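Following: one structure in structure tokens, then a few remarks.
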Amino acid sequence: MKLATKKEIEEIKQRFLEHYPDSVTELNYKNLYELLIAVMLSAQCTDKRVNIITPALFKAYPDVSSLAVAELDDVKELIKTCSFFNNKAKNIIKMAQMVIEKYNGEIPLDEKELVKLPGVGQKTANVVMIEYTGANLMAVDTHVFRVAHRLGLSKAKTVTETEKDLVEKFKTDLHRLHQAMVLFGRYICTAKNPKCDKDCFLTDLCKSKESFKAK
Ligand code: SF4
């Protein structure tokens with residue numbers, strides 16, 4: 001597969017920004033605490049499912065102090081329809097405890113600090129920063145990874161390397177491009193049966209379209 005040229009990269013970027021002018025996450029949240037938990041729960045789980053779970057969870061535990069002293073089984077019960085709920089329940093409680101112990105009860109708004117919290121990886125930290133502060137960061141999830149490869153923006157085998165490629169190539173507006181690529185991957189450039197001839201606005205720039213043609 002060929003990589004996109006500089007000119008093509010610029011064109012892809014412009015089209016993403018035009019088509020998704022103010023794309024934001026589909027996760028529902030009211031503050032940093034809710035956003036962080038929603039993003040943690042969304043790993044390997046759909047945003048829709050997370051949005052069904054969180055209202056009751058946030059009602060029972062409206063802040064880090066209440067979550068830090070929560071009973072593990074109660075939290076498990078509230079999030080049991082989410083994938084990997086056992087680990088996620090443990091992690092969100094531990095995360096809340098660490099915020100209380102090490103950060104005076106304030107979730108740190110810095111990706112280098114966020115990754116120190118239990119259950120918070122680089123991707124979760126970046127997504128939180130992108131969403132909450134509009135930070136110029138890229139986060140690569142399954143959608144961004146697929147779209148980046150299909151468009152020839154990266155040949156990298158890992159998410160970390162793909163993130164590097166996208167940061168180098170796009171340079172600016174990374175937060176908006178991140179959200180745009182997530183939505184584009186979720187609804188248009190889907191894993192199976194991408195909508196190449198129906199909804200895609202990047203067909204002329206795509207490096208993989210041919211492989212999706214009916215044979
Ligand atoms: S043409 Fe198809 S594979 Fe290529 S970016 Fe568009 S939807 Fe994805």
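The values are calculated or read from the model by the stated rules, or taken from the named source; none is laboratory data. The model shown is predicted, which means the values in this text are computed figures rather than measured ones. With ideal geometry, Cβ positions are generated from the backbone for all residues, glycine too; neighbour counts draw on all protein chains shown. Side chains included, ligands, DNA and RNA excluded: accessible areas come from the protein's heavy atoms. Shrake-Rupley method; radii C 1.70, N 1.55, O 1.52, S 1.80 Å.
Numbers at a glance
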item	result
Relative contact order (%) - criterion: Cα under 8 Å, at least six apart; region: the chain	24 percent
FRET E, pair residue 195, residue 3, Förster distance 25 Å, beta-carbon r, rounded to 0.05	0.60
Mean ellipticity per residue at 222 nm, deg cm²/dmol - from DSSP H runs of n ≥ 4 across the chain, formula -39500 (n - 2.57)	-17000 deg cm²/dmol
Accessible carbon and sulfur surface of the chain relative to its total accessible area, %, 1.4 Å	53 percent
Across 30/164; 7/171; 48/88; 7/123; 102/123; 169/207, pairs whose alpha-carbon gap is larger than 24 Å	30/164; 7/123
Shape call, segment 32-133: gyration tensor on alpha carbons, a/c limit 1.5	oblate
Crossing angle, helix 6-19 versus the chain [Cα axis fit, 0-90 degrees, rounded to tens]	60 degrees
Protection proxy ranking of 155-163, 1-9 - average other beta-carbon atoms within 10 Å, highest first	155-163, 1-9
HN-Hα J in Hz across segment 199-210 - Karplus 6.51, -1.76, 1.60, θ = phi - 60°, x for Gly and Pro	10, 6, 9, 10, 3, 5, 10, 6, 9, 10, 3, 3
Per residue accessible area of the chain, 1.4 Å probe, in Å²	53 Å²
Alpha-carbon centroids, segment 1-40 and segment 171-215: separation in whole Å	12 Å
Cα pair distances exceeding 29 angstrom across segment 57-215, given as percent	34 percent
In sequence order, calculated HN-Hα J values of segment 90-106 (Karplus, 6.51, -1.76, 1.60; Hz; x Gly/Pro)	4, 5, 5, 5, 4, 4, 4, 4, 5, 4, 5, 6, 9, 10, 6, x, 9
Percent RCO, i.e. relative contact order, over segment 32-133, from Cα pairs under 8 Å lying at least 6 residues apart	30 percent
Angle in degrees between helix 159-170 and the longest Cα principal axis of the chain, rounded to the nearest 10	60 degrees
